[in-house]
Amino acid sequence: MSTFDINLHETLYSLSNALDLVGITHIRHGKRVAFIASECGKYLHWSGQCMDDLFEAAILHDIGVAKTVVHSRLAQFEWEEEIEHCRIGASLLQSSPLLEKLAPMVRHHHTHWSELKDLALPMETKWIANCIYLADRVDMLSLSSRIDNANLLLFKDEIRKKIQGKRGDFFCDELVEAFLSISRSEAFWFSLENEHVDGYSSIWLSETPVQKIDFQDLRSIMLIFSHVVDAKSPFTKAHSDGVARLAKFIGSLWNLPPERCEMLELAGLLHDIGKLRLPDALLEKPGKLTPEERAQVKRHSFDTYNILKNIKGLERISEWASQHHERMDGSGYPYRLDRSTLSLEARIIAVADVFQALAQKRPYRDPLPPDEIMNILNEQVDDGKLDRDVVNSVDRQLQVCWEVAISPQQV
């Protein structure tokens, strides 16, 4: 099994950029929550490890949100169904050995302090969860105030009053006091602007060294984010996982080294992460897309690259993932690459993506059987879109490829 030299903070931070896309108009929500929460933690002199856990949990706190409609409802100060995304997020984090410690913090980041304080949890977990809750509500209140680019300073007293009014009920007394102290200054509110939040986060990123992470642990993190992407629509459920499995299998048919096949699997898991920016309705539209909608869709592979490109050690994976819609004749997107520049791995993922999509039910058609899928792949080869040799390798193992590609629920 291969290992990767990775900065875990850098990886989590980059992948959290995908979560920020779900809000569409609430870009960097997770980063601002991490900033606000960390400032409260610093005011209370929390330990270094506690601050580290706080920042990680804060940037990932909305990992249970895949749909834009859910994100928009969470912008309300109170919503009767707000706990559901906390349960989903905690369940996802529990699946990764490197992130499972964050699960109870995310599980309770909307639990009122009046209830949370009596739960059988470590006090540090309660504090972190409640700190994220407070920071999350502050950011949502500030976003609501900035309609039509209104100056946030005009609303800071109203926001502070709203938080103070929930003291002892929604939020712990000490955390409210910390927030009221740090938010007195104008500088605090200016720091919620994007460039300042990015600068604040860069300090946190620089404090963690590169470490060796084995494939299974890294895969467990990537699998979480692939599940978030696939949860955007019932029609894309398990698509990323299926593409990942099929790409890895096709790589083995080409006798690629095990490490390269594992990298193909990671690229397959992440290839559609840029789709988190797309509105839910667009992915579930039963009819033909309009030119404007098609233009929106074409952005997702570019967003995939932007999310992954800053993870040092995964450079090739980010390239392969972002090129899954490139075509041999140069007619693909977003870079218009052709056979002269496309790597074998990018060609494999392109074929795996088309195959798996055809094997799944979509809003405009039922899943296709293996022979029909093969006919379409061959047509795309004849049209100069897909690599002939890669498609031929699939044809020789068609039934196995089909079984690998479809989700376990469909077998």
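The values are calculated or read from the model by the stated rules, or taken from the named source; none is laboratory data. Note that the coordinates shown come from a computational prediction; the quantities given were computed from them, not determined experimentally. Note that we place each Cβ from the backbone using ideal geometry, even for glycine, and neighbour counts take in every protein chain shown. Just so you know, the surface numbers come from the protein's heavy atoms only, side chains and all, with ligands and any DNA or RNA stripped out. Shrake-Rupley method; radii C 1.70, N 1.55, O 1.52, S 1.80 Å.
Residues of region 1-45 that are in a helix (DSSP H, G or I), more than 29 Å from Leu278 (Cα to Cα) and of a type in the set (Phe, Trp, Tyr): Tyr43 alone. Just so you know, in region 4-60 the residues that are open to solvent by 20 Å² or more (accessible area, probe 1.4 Å), within 21 Å of the chain's Cα centre (by Cα) and of a type in the set (S, T, N, Q) include one that is modelled with the highest pLDDT, and it is Asn17. From the set of residues in region 351-402 that are polar (S, T, N, Q) and within 25 Å of Ser331 (Cα to Cα), which is surrounded by the most Cβ atoms within 10 Å (Cβ to Cβ)? Across region 351-402, the extreme among qualifying residues is Gln356. Set side by side, the residues Ala321, Ala352 differ, and just one is touching a Gly at 6+ places or on another chain (Cβ under 7 Å) and small (Gly, Ala, Ser), which is Ala352.
Residue check: Asp139 meets all listed conditions (1) in a helix (DSSP H, G or I); (2) open to solvent by 50 Å² or more (accessible area, probe 1.4 Å); (3) closer than 22 Å to Asn17 by Cα but one, namely (2).
Residue-by-condition table, conditions (1) closer than 25 Å to Leu19 by Cβ; (2) without any contact (Cβ under 8 Å) to a residue 12 or more places away in the chain; (3) crowded, with 20+ Cβ neighbours inside 10 Å:
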| site | (1), (2), (3) |
| --- | --- |
| Gln296 | yes, no, no |
| Thr304 | yes, no, yes |
| Leu314 | yes, no, yes |
| Ala321 | yes, no, yes |
| His324 | yes, no, yes |
| Gly332 | no, no, yes |
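The number of residues in region 384-401 that are in contact (Cβ under 8 Å) with a residue 12 or more places away in the chain and within 20 Å of Ser343 (Cα to Cα) comes to 8. All conditions but one from (1) within 20 Å of Glu39 (Cβ to Cβ); (2) open to solvent by less than 80 Å² (accessible area, probe 1.4 Å) apply to Glu174; the one that does not is (2). The set of residues in region 148-171 that are crowded, with 16+ Cβ neighbours inside 10 Å and part of a helix (DSSP H, G or I) comprises Leu152, Lys156, Ile159, Arg160, Ile163. The one condition from (1) within 29 Å of the chain's Cα centre (by Cα); (2) not in a helix (DSSP H, G or I) that Leu205 does not meet is (2).
Residue pairs whose Cβ atoms lie under 7 Å apart, separated by 6 or more positions or on different chains, with the first residue in region 102-120 and within 16 Å of Trp79 (Cβ to Cβ) and the second surrounded by fewer than 20 Cβ atoms within 10 Å (Cβ to Cβ) and modelled with pLDDT of 95 or more, are His112/Asp169. Can you find a residue that is farther than 20 Å from Glu403 by Cβ and part of a loop (DSSP other than H, G, I, E, B) anywhere in region 345-362? Among the residues of region 345-362, not one is farther than 20 Å from Glu403 by Cβ and part of a loop (DSSP other than H, G, I, E, B), which makes the answer no.
Read through the list (1) outside any helix (DSSP H, G or I); (2) open to solvent by 50 Å² or more (accessible area, probe 1.4 Å), then give the number of the only condition that Lys248 fails. So the condition that Lys248 fails would be (1). Would region 119-129 turn up any residue that is modelled with pLDDT under 95, open to solvent by less than 50 Å² (accessible area, probe 1.4 Å) and either acidic (Asp, Glu) or more than 22 Å from Phe225 (Cβ to Cβ) (or both)? Taking every residue of region 119-129 in turn, none turns out to be modelled with pLDDT under 95, open to solvent by less than 50 Å² (accessible area, probe 1.4 Å) and either acidic (Asp, Glu) or more than 22 Å from Phe225 (Cβ to Cβ) (or both).
One residue stands out among those in region 200-244 that are open to solvent by 30 Å² or more (accessible area, probe 1.4 Å), at pLDDT below 85 and of a type in the set (A, V, I, L, M): the one that is nearest to Pro286 (Cα to Cα), which is Ala231. Put simply, of Ser240, Ser220 the only residue that is within 14 Å of Ser96 (Cα to Cα) and assigned to a helix (DSSP H, G or I) is Ser220.
For region 177-199, a residue qualifies if it is open to solvent by 30 Å² or more (accessible area, probe 1.4 Å), closer than 30 Å to Asp118 by Cβ and of a type in the set (Phe, Trp, Tyr), but none of them does.
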